[in-house]
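Take a look at the structure set out below.
The values are calculated or read from the model by the stated rules, or taken from the named source; none is laboratory data. Source: prediction; values computed, not measured. So basically every Cβ, Gly included, is an ideal-geometry build from the backbone, and we count neighbours across all protein chains shown.
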Amino acid sequence: MGVNASVAEVVGNFLDDDCDGLADEDPTSNAPSTDAMDRDTDGVSIAAGDCDDTNNLVGGTGATEVCGDGLDNDCDGRADRGVDGTTILCNPFDTAPNPETLTLDPLSFAAGGAPVIAFTSGEIVASGAGLQLKAGPGLFSVAIPVTDDLVLDLRITGATIEADVIDGAGGAYLSNGRLGGVLDVQTADTIRGLDVEDIGLTPDKSLLDATFANLLGPLLALPLAPPAIRETYDGCRTPDIDVDRDGLEAFCDSNPDDDNKAVDVCIDGDGTVVLDTATEDCTRAIGPDGKARFRDGISVEFNLATVPAGTFMPPVAARRAR
(Lines give C-alpha, C1' and ligand atoms only; values in the text may rest on other atoms or scores of the structure.)
Protein backbone atom coordinates (compact mmCIF):
# COMPACT_ATOMS: atom_id res chain seq x y z
CA MET A 1 0.00 0.00 0.00
CA GLY A 2 1.33 3.42 -0.90
CA VAL A 3 1.41 6.69 0.99
CA ASN A 4 -1.16 9.18 -0.33
CA ALA A 5 -4.26 11.06 0.72
CA SER A 6 -6.63 8.36 -0.58
CA VAL A 7 -5.42 5.49 1.62
CA ALA A 8 -6.39 4.63 5.18
CA GLU A 9 -4.04 5.25 8.09
CA VAL A 10 -2.26 2.07 9.21
CA VAL A 11 -1.67 2.23 12.96
CA GLY A 12 1.65 0.79 14.05
CA ASN A 13 3.80 1.33 10.96
CA PHE A 14 5.08 4.70 12.27
CA LEU A 15 4.19 6.47 8.98
CA ASP A 16 1.73 9.13 7.86
CA ASP A 17 -0.11 6.89 5.39
CA ASP A 18 -2.95 9.30 4.55
CA CYS A 19 -0.82 12.46 4.24
CA ASP A 20 -2.54 14.49 6.93
CA GLY A 21 0.71 15.29 8.74
CA LEU A 22 0.13 12.74 11.52
CA ALA A 23 1.47 9.22 11.94
CA ASP A 24 -0.52 6.38 13.52
CA GLU A 25 -3.47 8.55 14.54
CA ASP A 26 -6.71 6.76 15.44
CA PRO A 27 -8.40 5.99 12.09
CA THR A 28 -11.87 6.53 13.57
CA SER A 29 -11.53 9.54 15.86
CA ASN A 30 -8.35 10.96 14.27
CA ALA A 31 -6.93 11.37 17.78
CA PRO A 32 -3.13 11.83 17.60
CA SER A 33 -0.91 8.96 18.65
CA THR A 34 0.62 9.03 22.13
CA ASP A 35 3.65 6.99 21.00
CA ALA A 36 6.63 8.68 22.70
CA MET A 37 9.39 6.45 21.29
CA ASP A 38 11.97 7.99 18.94
CA ARG A 39 12.90 5.12 16.62
CA ASP A 40 14.85 7.14 14.07
CA THR A 41 16.80 9.08 16.74
CA ASP A 42 16.03 12.49 15.25
CA GLY A 43 14.93 13.83 18.62
CA VAL A 44 11.21 13.84 17.79
CA SER A 45 8.66 11.14 18.62
CA ILE A 46 5.35 10.52 16.87
CA ALA A 47 3.56 12.05 19.84
CA ALA A 48 5.69 15.17 19.42
CA GLY A 49 4.86 15.49 15.71
CA ASP A 50 7.18 13.15 13.77
CA CYS A 51 5.09 11.83 10.86
CA ASP A 52 7.71 9.26 9.80
CA ASP A 53 9.53 7.74 12.75
CA THR A 54 11.50 5.44 10.43
CA ASN A 55 13.39 8.26 8.72
CA ASN A 56 15.45 10.87 10.58
CA LEU A 57 15.17 13.29 7.64
CA VAL A 58 11.54 13.80 8.64
CA GLY A 59 11.52 15.88 11.79
CA GLY A 60 8.01 17.19 12.32
CA THR A 61 6.65 20.69 12.80
CA GLY A 62 9.43 23.27 12.70
CA ALA A 63 11.74 21.17 10.54
CA THR A 64 12.95 22.65 7.27
CA GLU A 65 11.29 21.34 4.13
CA VAL A 66 13.97 20.03 1.76
CA CYS A 67 13.30 20.55 -1.91
CA GLY A 68 13.61 17.49 -4.08
CA ASP A 69 13.79 14.65 -1.56
CA GLY A 70 10.16 13.58 -1.94
CA LEU A 71 9.65 13.68 1.85
CA ASP A 72 7.31 15.68 4.06
CA ASN A 73 10.17 16.94 6.24
CA ASP A 74 8.05 19.39 8.26
CA CYS A 75 5.01 17.09 8.55
CA ASP A 76 2.46 19.49 7.14
CA GLY A 77 0.94 16.73 5.02
CA ARG A 78 2.66 17.85 1.80
CA ALA A 79 6.07 16.88 0.48
CA ASP A 80 8.31 19.52 -1.07
CA ARG A 81 5.99 22.43 -0.25
CA GLY A 82 6.65 25.82 1.33
CA VAL A 83 5.65 27.00 4.79
CA ASP A 84 2.24 28.14 3.54
CA GLY A 85 1.46 24.58 2.40
CA THR A 86 0.77 25.61 -1.18
CA THR A 87 3.93 27.14 -2.62
CA ILE A 88 5.80 24.51 -4.60
CA LEU A 89 9.44 24.50 -3.59
CA CYS A 90 10.41 22.19 -6.43
CA ASN A 91 9.40 22.78 -10.01
CA PRO A 92 9.22 19.67 -12.20
CA PHE A 93 12.30 19.19 -14.34
CA ASP A 94 10.30 19.27 -17.56
CA THR A 95 6.74 20.63 -17.63
CA ALA A 96 6.27 20.57 -21.40
CA PRO A 97 3.09 18.82 -22.61
CA ASN A 98 5.13 16.10 -24.34
CA PRO A 99 8.57 16.11 -22.74
CA GLU A 100 11.32 14.12 -24.35
CA THR A 101 12.25 10.97 -22.47
CA LEU A 102 15.88 10.99 -21.35
CA THR A 103 16.90 7.38 -20.85
CA LEU A 104 19.45 6.56 -18.18
CA ASP A 105 22.07 3.86 -17.92
CA PRO A 106 21.32 1.24 -15.21
CA LEU A 107 24.59 2.16 -13.48
CA SER A 108 22.88 5.42 -12.50
CA PHE A 109 20.86 3.43 -10.00
CA ALA A 110 21.78 1.61 -6.82
CA ALA A 111 20.48 -1.76 -5.67
CA GLY A 112 16.69 -1.72 -5.47
CA GLY A 113 16.34 0.99 -8.11
CA ALA A 114 17.15 4.02 -5.97
CA PRO A 115 18.83 6.77 -8.03
CA VAL A 116 22.42 7.56 -7.12
CA ILE A 117 21.74 11.25 -7.70
CA ALA A 118 18.13 12.45 -7.56
CA PHE A 119 16.92 15.96 -8.36
CA THR A 120 13.28 16.73 -9.08
CA SER A 121 13.90 20.46 -9.35
CA GLY A 122 15.87 21.83 -12.26
CA GLU A 123 15.87 23.35 -15.68
CA ILE A 124 18.00 23.43 -18.81
CA VAL A 125 18.57 26.97 -19.99
CA ALA A 126 20.33 28.54 -22.95
CA SER A 127 23.67 30.12 -22.11
CA GLY A 128 26.24 31.94 -24.19
CA ALA A 129 28.10 28.72 -24.91
CA GLY A 130 25.11 26.42 -25.34
CA LEU A 131 22.84 24.69 -22.85
CA GLN A 132 23.30 24.59 -19.08
CA LEU A 133 21.62 22.50 -16.39
CA LYS A 134 20.75 24.16 -13.09
CA ALA A 135 19.17 21.87 -10.51
CA GLY A 136 18.44 21.79 -6.80
CA PRO A 137 18.39 22.12 -3.94
CA GLY A 138 18.03 18.40 -3.40
CA LEU A 139 19.79 15.44 -1.81
CA PHE A 140 22.95 13.76 -3.04
CA SER A 141 24.39 10.48 -1.82
CA VAL A 142 27.62 8.90 -2.94
CA ALA A 143 29.28 5.66 -1.84
CA ILE A 144 33.07 5.68 -2.18
CA PRO A 145 34.82 2.29 -1.81
CA VAL A 146 37.96 2.84 0.27
CA THR A 147 39.00 -0.76 0.90
CA ASP A 148 37.43 -4.16 0.21
CA ASP A 149 35.62 -3.95 3.55
CA LEU A 150 35.01 -0.21 3.86
CA VAL A 151 32.67 2.01 1.89
CA LEU A 152 32.50 5.72 2.70
CA ASP A 153 28.89 6.95 2.45
CA LEU A 154 28.45 10.69 2.10
CA ARG A 155 25.02 12.31 2.22
CA ILE A 156 24.95 15.93 1.09
CA THR A 157 21.89 18.10 1.79
CA GLY A 158 20.84 21.28 0.02
CA ALA A 159 22.80 20.08 -3.00
CA THR A 160 22.83 22.09 -6.23
CA ILE A 161 24.20 21.30 -9.66
CA GLU A 162 25.38 23.56 -12.45
CA ALA A 163 26.79 21.92 -15.58
CA ASP A 164 27.04 22.29 -19.34
CA VAL A 165 24.70 20.00 -21.26
CA ILE A 166 26.38 18.43 -24.29
CA ASP A 167 24.30 16.69 -26.95
CA GLY A 168 26.94 14.36 -28.36
CA ALA A 169 26.79 11.49 -30.80
CA GLY A 170 26.49 8.97 -27.96
CA GLY A 171 23.73 10.87 -26.19
CA ALA A 172 23.36 13.79 -23.81
CA TYR A 173 25.87 14.22 -21.00
CA LEU A 174 27.07 16.81 -18.48
CA SER A 175 30.45 18.52 -18.60
CA ASN A 176 32.28 21.21 -16.59
CA GLY A 177 29.86 20.60 -13.74
CA ARG A 178 29.88 21.66 -10.12
CA LEU A 179 27.95 19.91 -7.36
CA GLY A 180 27.83 21.75 -4.05
CA GLY A 181 26.03 21.20 -0.79
CA VAL A 182 26.37 20.81 2.97
CA LEU A 183 27.88 17.91 4.95
CA ASP A 184 26.33 18.10 8.41
CA VAL A 185 28.48 17.54 11.49
CA GLN A 186 26.53 14.49 12.68
CA THR A 187 27.15 12.72 9.38
CA ALA A 188 30.83 13.67 9.55
CA ASP A 189 31.02 12.16 13.03
CA THR A 190 29.69 8.80 11.82
CA ILE A 191 32.34 8.37 9.10
CA ARG A 192 35.08 6.22 10.63
CA GLY A 193 37.55 3.55 9.60
CA LEU A 194 39.76 5.74 7.41
CA ASP A 195 43.53 5.72 7.76
CA VAL A 196 45.24 8.78 6.28
CA GLU A 197 48.61 9.12 8.00
CA ASP A 198 49.47 12.47 6.39
CA ILE A 199 46.65 14.24 8.25
CA GLY A 200 46.69 12.13 11.39
CA LEU A 201 43.39 10.41 10.63
CA THR A 202 43.34 6.93 12.18
CA PRO A 203 40.58 4.30 11.85
CA ASP A 204 39.25 4.99 15.34
CA LYS A 205 38.73 8.71 14.59
CA SER A 206 35.85 10.21 12.64
CA LEU A 207 35.89 12.65 9.76
CA LEU A 208 34.62 15.22 12.28
CA ASP A 209 37.74 14.65 14.39
CA ALA A 210 39.97 15.12 11.36
CA THR A 211 38.13 18.28 10.38
CA PHE A 212 37.98 20.08 13.71
CA ALA A 213 40.71 18.57 15.92
CA ASN A 214 43.59 20.55 14.41
CA LEU A 215 44.07 18.23 11.44
CA LEU A 216 42.04 19.11 8.36
CA GLY A 217 40.66 22.39 9.67
CA PRO A 218 43.54 24.58 8.48
CA LEU A 219 43.61 22.82 5.10
CA LEU A 220 39.88 23.38 4.62
CA ALA A 221 40.20 26.99 5.78
CA LEU A 222 37.43 26.50 8.33
CA PRO A 223 37.07 29.58 10.51
CA LEU A 224 38.49 29.63 14.00
CA ALA A 225 35.98 29.88 16.82
CA PRO A 226 35.55 33.34 18.40
CA PRO A 227 38.32 34.42 20.80
CA ALA A 228 36.04 34.06 23.83
CA ILE A 229 35.72 30.33 23.11
CA ARG A 230 39.40 29.85 22.31
CA GLU A 231 40.36 31.36 25.66
CA THR A 232 38.96 28.18 27.21
CA TYR A 233 39.44 25.68 24.37
CA ASP A 234 42.37 26.56 22.16
CA GLY A 235 42.19 25.74 18.47
CA CYS A 236 38.42 25.30 18.15
CA ARG A 237 36.99 25.70 14.69
CA THR A 238 33.48 26.24 13.41
CA PRO A 239 31.49 24.94 10.44
CA ASP A 240 30.79 27.55 7.79
CA ILE A 241 27.04 26.95 7.35
CA ASP A 242 24.66 27.91 10.18
CA VAL A 243 21.95 25.35 9.40
CA ASP A 244 19.74 25.95 12.45
CA ARG A 245 20.28 29.74 12.40
CA ASP A 246 21.19 30.13 16.06
CA GLY A 247 24.81 31.12 15.45
CA LEU A 248 27.72 29.00 14.30
CA GLU A 249 28.58 26.04 16.46
CA ALA A 250 32.15 25.18 17.49
CA PHE A 251 33.90 21.83 17.89
CA CYS A 252 37.00 21.43 20.01
CA ASP A 253 39.70 19.07 21.17
CA SER A 254 39.92 19.79 24.90
CA ASN A 255 43.60 18.82 24.92
CA PRO A 256 45.05 19.66 21.49
CA ASP A 257 48.62 19.01 22.63
CA ASP A 258 48.19 15.30 23.34
CA ASP A 259 48.22 12.48 20.79
CA ASN A 260 44.47 11.88 20.93
CA LYS A 261 43.26 14.16 18.16
CA ALA A 262 39.50 14.01 18.67
CA VAL A 263 36.57 16.35 19.15
CA ASP A 264 35.24 15.99 22.69
CA VAL A 265 33.71 19.45 23.25
CA CYS A 266 30.74 20.80 21.27
CA ILE A 267 29.56 24.39 21.71
CA ASP A 268 26.15 25.38 20.38
CA GLY A 269 25.49 28.68 18.66
CA ASP A 270 23.69 29.87 21.79
CA GLY A 271 26.83 29.24 23.88
CA THR A 272 25.76 25.96 25.48
CA VAL A 273 28.79 23.70 26.06
CA VAL A 274 28.31 19.92 25.78
CA LEU A 275 31.10 17.47 26.62
CA ASP A 276 31.58 13.89 25.48
CA THR A 277 30.47 11.32 28.02
CA ALA A 278 31.62 7.75 28.46
CA THR A 279 28.68 6.55 26.38
CA GLU A 280 27.82 9.35 23.95
CA ASP A 281 29.61 11.84 21.70
CA CYS A 282 28.70 15.46 22.27
CA THR A 283 27.48 15.76 18.66
CA ARG A 284 24.53 13.53 19.58
CA ALA A 285 23.15 15.93 22.18
CA ILE A 286 19.46 16.82 22.03
CA GLY A 287 18.37 20.44 22.38
CA PRO A 288 15.50 21.86 24.47
CA ASP A 289 13.18 21.52 21.46
CA GLY A 290 13.71 17.75 21.46
CA LYS A 291 15.72 17.84 18.23
CA ALA A 292 19.39 17.34 17.52
CA ARG A 293 21.27 20.29 19.03
CA PHE A 294 24.23 20.26 16.64
CA ARG A 295 23.11 20.62 13.02
CA ASP A 296 25.52 23.05 11.36
CA GLY A 297 27.52 21.88 8.39
CA ILE A 298 30.55 22.22 6.15
CA SER A 299 30.10 23.41 2.60
CA VAL A 300 31.46 20.92 0.10
CA GLU A 301 31.95 21.08 -3.62
CA PHE A 302 32.70 18.41 -6.24
CA ASN A 303 33.56 18.54 -9.90
CA LEU A 304 30.84 16.78 -11.86
CA ALA A 305 30.73 15.14 -15.27
CA THR A 306 28.66 12.28 -16.67
CA VAL A 307 28.98 9.78 -19.49
CA PRO A 308 26.44 9.96 -22.35
CA ALA A 309 23.03 8.63 -21.37
CA GLY A 310 22.58 5.14 -22.77
CA THR A 311 19.58 3.56 -24.38
CA PHE A 312 18.45 1.73 -21.25
CA MET A 313 15.38 2.81 -19.30
CA PRO A 314 15.84 3.06 -15.53
CA PRO A 315 14.64 0.18 -13.36
CA VAL A 316 10.88 0.22 -12.86
CA ALA A 317 11.32 0.94 -9.15
CA ALA A 318 13.26 4.08 -9.97
CA ARG A 319 10.89 5.59 -12.50
CA ARG A 320 8.95 8.54 -11.17
CA ALA A 321 5.57 9.68 -12.37
CA ARG A 322 5.68 13.06 -14.01
When (1) assigned to a helix (DSSP H, G or I); (2) at pLDDT 90 or above; (3) surrounded by fewer than 17 Cβ atoms within 10 Å (Cβ to Cβ) are applied to residue 232, the one that fails is (1)
At pLDDT 80 or above, surrounded by fewer than 19 Cβ atoms within 10 Å (Cβ to Cβ) and closer than 30 Å to residue 62 by Cβ - does that describe any residue in segment 196-208? no
Is it true that residue 289 is charged (D, E, K, R), more than 27 Å from residue 37 (Cβ to Cβ) and modelled with pLDDT of 80 or more? no
Restricting segment 282-309 to residues that are surrounded by 21 or more Cβ atoms within 10 Å (Cβ to Cβ) and either of a type in the set (Ser, Thr, Tyr) or in contact (Cβ under 8 Å) with a residue 60 or more places away in the chain (or both), the residue that is nearest to residue 60 (Cα to Cα): 292
